[in-house]
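Below is one structure, written out as structure tokens; the observations come after it.
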2 protein chains.
Amino acid sequence: MINITLKQLRYFEALARHGHFGKAADACAISQPALSMQIKEMEEALGASLIERGPRQVRLTHFGEVAVERARDILRAAEELGDLARASRDRLVGRLRIGVIPTIAPYLLPRVIGALSEKHPELEIHVRETVTPKLIQELGEGKLDTAIVALPVSEGSLAETPLFDETFMLVRSASEANAPMPSADRLREMRLLLLEEGHCFRDQALSFCNLPSGPPREVLDASSLSTLVQMVSAGMGVTLIPEMAVPVETRSASVSVCRFEDPEPTRTVGMVWRKSSPLAGQLGEIAEIVRTCS
Amino acid sequence: MINITLKQLRYFEALARHGHFGKAADACAISQPALSMQIKEMEEALGASLIERGPRQVRLTHFGEVAVERARDILRAAEELGDLARASRDRLVGRLRIGVIPTIAPYLLPRVIGALSEKHPELEIHVRETVTPKLIQELGEGKLDTAIVALPVSEGSLAETPLFDETFMLVRSASEANAPMPSADRLREMRLLLLEEGHCFRDQALSFCNLPSGPPREVLDASSLSTLVQMVSAGMGVTLIPEMAVPVETRSASVSVCRFEDPEPTRTVGMVWRKSSPLAGQLGEIAEIVRTCS
DNA sequence: CGCTTTGATAGTTTTTACTTATGATAAACA
DNA sequence: TGTTTATCATAAGTAAAAACTATCAAAGCG
């Protein structure tokens, strides 16, 4: 293994450029003997002479000429590494892998991605949409940088910050539009359509109705809010959806949407990331961007 | 200017490869704390974190992943510089710029170049053919690595080694083939054809005849031995040529060649180079090759 | 809970790199 | 031809960097 140093390459490059030990040493802000010695050590390390020490002149050997080009390449590459580092700390650069739960993704992401890529044009955004436990796991494995989920997550290794609260709305068939608002308790007796097992939103809805979560009940479980609304529209029952989903999901369905009375059911949506993540600082900024567009 | 070291790059690369401080340190044959510290210093120098120090695991940051590739590039380039150095010292590599005087070049070079490129196939040979003073000047300016000229040169800064002695032969018209050999003194009264001013061989011939060198005499001056012989063949006079030139130059000319009586006129041909040349060692070897094929 | 693994920290020693002072040599000059 | 000047090498001492050993702290695991 060759044992030269970048410092030696720098000195050598300066020497090649100035053709003069003293001037090169000045340029490197060191004394002339220091430069002489480093050059000599470099020659020893390489086992070949770089310069021809003629009286009154410093001339590169043939190998020296080849070497100085190589040296410049290497120094340039090192500088570029520095540039890269600077770029990576000044702004978010490269890849941001963000996970989002399915009951938020379709409604929030379009705006978030727009805002993010406007602010950080060089940021390459990868989105993963799946249920909270999977997101948390992938976060832990380093496959994701951050995730947007319902809080709390309560993982010691993860940091979390709230983004916004969202209310759950009741969706029932259009014919019931003017019926009185059922209480949480009355909901239990209605045919409540829910998302399939695994979605946190299912548990949150059940919890609001004081129903135990767990094995599927006698109702049909859907895999998306969109499906749920279509099922309601077909008169199969009622359901809850987050407020944010209302504009998108009820646009083309003959359903009525109404707000619960106080206390309204809500959940807090937030962002989580590994406390140890080096992006920690910048993720706070990203959370802020998400907040402003939600 | 970025202030990292190749050592740090090596350590970092090992860390990235092993994903483990202890193992990486072993691989680098240093202690674990030493590696930890160098990595930390590298991160400080770059102003960006390279690894995410999670408990129980070492994971590269996004920047770290980019950086390790860069690091590998840089390390590879440094190794290549070492390879290059090794190649350049084990054998003659690259360019050998050799100067030869015109009265030797055509007769010696074919064999020398053949032998040289057989022994050092990667050697790129450049030949410069001109008169001694020009060769010496270009040698001093570093435009040539070595030159083959008539000794002595007596330049303090140049090393010289004899290659061989060569005898001068008399060339006269074929009709004089059986005439008695003229003495050096008699030559003065004959029509002696010579090379033009500047060729050392001209001076050597004049010196043999005890004639002053200097301004052209009433004779025609030729620019090559070949021309001289053709002039002799045309009956314009006599001339001297080096023994080595005889086979080539008299093959297709109706002239007679004869050897002088003792003391025969001779000159010593040798090789010269800058004492300070880093090729000095190898030039001795080259001189040896030239000797064996002359 | 203790035990083990793993990386960070502290204190010390060794090595490396730099500085100033001086020497040597050849070119430049008178 | 001696003297000066320019230029790089060498030497000796000092400052800085990098290494080691020992120890600590935190996290995973039985």
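All of the numbers you see were taken from the coordinates with simple rules; none came from a lab. Keep in mind it's a predicted model, so treat the numbers as computed, not measured. Positions of Cβ are generated from backbone atoms using ideal geometry, with glycine treated the same way; all protein chains shown enter the neighbour counts.
Quickly run through the stretch A:40-54 and pick out the residues that are surrounded by fewer than 22 Cβ atoms within 10 Å (Cβ to Cβ), within 10 Å of DNA strand D (Cβ to nearest atom) and part of a helix (DSSP H, G or I).
A:K40
Would you pick out the residues in the stretch B:72-88 that are within 19 Å of A:E80 (Cα to Cα) and more than 7 Å from chain A (Cβ to nearest Cβ)?
Answer for the stretch B:72-88, where residues must be within 19 Å of A:E80 (Cα to Cα) and more than 7 Å from chain A (Cβ to nearest Cβ): B:R72, B:L75, B:R76.
With among the aromatic types (F, W, Y) and either within 13 Å of another protein chain (Cβ to nearest Cβ) or on the phi > 0 side of the Ramachandran plot (or both) as the only criterion, which of B:F21, B:F12 stands out?
Going through B:F21, B:F12 in turn, just one is among the aromatic types (F, W, Y) and either within 13 Å of another protein chain (Cβ to nearest Cβ) or on the phi > 0 side of the Ramachandran plot (or both): B:F12.
Report whether or not B:R128 is more than 26 Å from A:L60 (Cβ to Cβ) and charged (D, E, K, R).
Details: more than 26 Å from A:L60 (Cβ to Cβ): no; charged (D, E, K, R): yes.
No: the conditions fail for B:R128.
Run A:A115 past the list (1) assigned to a loop (DSSP other than H, G, I, E, B); (2) surrounded by fewer than 19 Cβ atoms within 10 Å (Cβ to Cβ); (3) touching a helix residue (DSSP H, G or I) at 6+ places or on another chain (Cβ under 9 Å) and report the number of the one that doesn't hold.
(1)
Taking the criterion of being away from DNA strand C (no atom under 11 Å from the Cβ), of a type in the set (V, I, T) and surrounded by 21 or more Cβ atoms within 10 Å (Cβ to Cβ), would at least one residue in the stretch B:1-23 satisfy it?
The answer is yes; a qualifying residue exists.
Results for (1) in contact with a Lys or Arg (Cβ under 9 Å, 6 or more places away or on another chain); (2) away from DNA strand C (no atom under 16 Å from the Cβ), shown as yes or no for each residue.
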{"site": "A:I30", "(1), (2)": "no, no"}
{"site": "A:K40", "(1), (2)": "no, no"}
{"site": "A:G47", "(1), (2)": "yes, yes"}
{"site": "A:E52", "(1), (2)": "yes, no"}
{"site": "A:R70", "(1), (2)": "no, yes"}
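Pick from the stretch B:148-167 the residues that are within 14 Å of chain A (Cβ to nearest Cβ) and touching a residue at least 12 places away in the same chain (Cβ under 8 Å): which of them is farthest from DNA strand C (Cβ to nearest atom)?
Residues of the stretch B:148-167 within 14 Å of chain A (Cβ to nearest Cβ): B:155-159.
This time we only want the ones that are touching a residue at least 12 places away in the same chain (Cβ under 8 Å), so: B:155, B:157-159.
Working: B:E155: 10, B:S157: 6, B:L158: 11, B:A159: 12 Å.
If we take residues in the stretch B:148-167 being within 14 Å of chain A (Cβ to nearest Cβ) and touching a residue at least 12 places away in the same chain (Cβ under 8 Å), then B:A159 is farthest from DNA strand C (Cβ to nearest atom).
Assess whether B:R267 counts as being within 25 Å of the chain's Cα centre (by Cα) and touching a residue at least 12 places away in the same chain (Cβ under 8 Å). Don't jump to the end; show me each part of the working.
Working: within 25 Å of the chain's Cα centre (by Cα): yes; touching a residue at least 12 places away in the same chain (Cβ under 8 Å): yes.
The answer is yes for B:R267.
Could you identify the single residue in A:R172, A:R191, A:R267 that is basic (K, R), farther than 30 Å from B:S49 by Cα and in contact with an Asp or Glu (Cβ under 7 Å, 6 or more places away or on another chain)? Write out each step before concluding.
Values: A:R172 fails: in contact with an Asp or Glu (Cβ under 7 Å, 6 or more places away or on another chain); A:R191 fails: in contact with an Asp or Glu (Cβ under 7 Å, 6 or more places away or on another chain).
On inspection, the qualifying residue turns out to be A:R267.
(1) in a helix (DSSP H, G or I); (2) touching a residue at least 24 places away in the same chain (Cβ under 8 Å); (3) crowded, with 18+ Cβ neighbours inside 10 Å; (4) not hydroxyl-bearing (S, T, Y): which one isn't true of A:R97, the others all being true?
(1)
Determine whether B:M37 is in contact (Cβ under 8 Å) with a residue 12 or more places away in the chain and within 14 Å of DNA strand D (Cβ to nearest atom).
Against the criterion (in contact (Cβ under 8 Å) with a residue 12 or more places away in the chain and within 14 Å of DNA strand D (Cβ to nearest atom)), B:M37 does not qualify.
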